[in-house]
Amino acid sequence: MTEGTTSAAESEAAAAADSETLEARLEQEGEIAADYLEGLLDIADLDGDIDMDVEGDRALVSIVGDGNDRSLHRLVGQDGEVLEALQELTRLAVHRETGERSRLMLDIAGFRARKRAELAELGAKAAEEAKRTGESVKLRPMTPFERKVVHDAVAAAGLRSESEGEEPQRCVVVLAS
């Protein structure tokens, strides 16, 4: 082997190291976020447990309570508006500690998980309608998170989609072919 070339084994080792580094960074983000959110729960005098996970290239942090306690729903707000704000504040707390932009995803009381399931179903139905009618289907305005879930569902159905418009009126259009 000559200088300047790498073997497949070296490339795989470098990729594995990068993956471990990313995993460690995302776990650190999750820990910083959990500390921040635990402080918030203490200040608000709310009970909740913090769960952390890593999915792809994002840290996922969830605040969960027992099924009977509706107090966490105040942190979700109307259609997730408070949740979105808390996610941004949590990302800023992570950025302040690490100096790096965070793509952390926050869920509270399972709101985002339920929303993801509803949006995936909406995307699948819109894709089916576009296939059946041969016409593009334009959906209501959505947040970036919502659009991403719908785009993924449309792609899984074998069609293409695109976002159009300007925030906050940006929406998904499912293309017929």
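Among rounded, prolate and oblate, which fits the chain when a ≥ b ≥ c are the square roots of the eigenvalues of its C-alpha gyration tensor, a/c under 1.5 means rounded, and a/b larger than b/c means prolate?
The shape class here is oblate.
Please list, in order along the range 168-174, the HN-Hα scalar couplings obtained from phi with the Karplus expression 6.51 cos²θ - 1.76 cosθ + 1.60 (θ = phi - 60°), rounded to whole Hz, x for Gly and Pro.
x, 9, 5, 9, 9, 10, 8
Can you show me the helix-derived [θ] at 222 nm for the chain, built from DSSP H runs with n ≥ 4 at -39,500 (n - 2.57) apiece and divided by the number of residues, rounded to the nearest 500.
-18000 deg cm²/dmol
Readers should treat all values here as calculations from the given coordinates under stated rules, not as data from a laboratory. Computed from a predicted structure; not experimentally measured.
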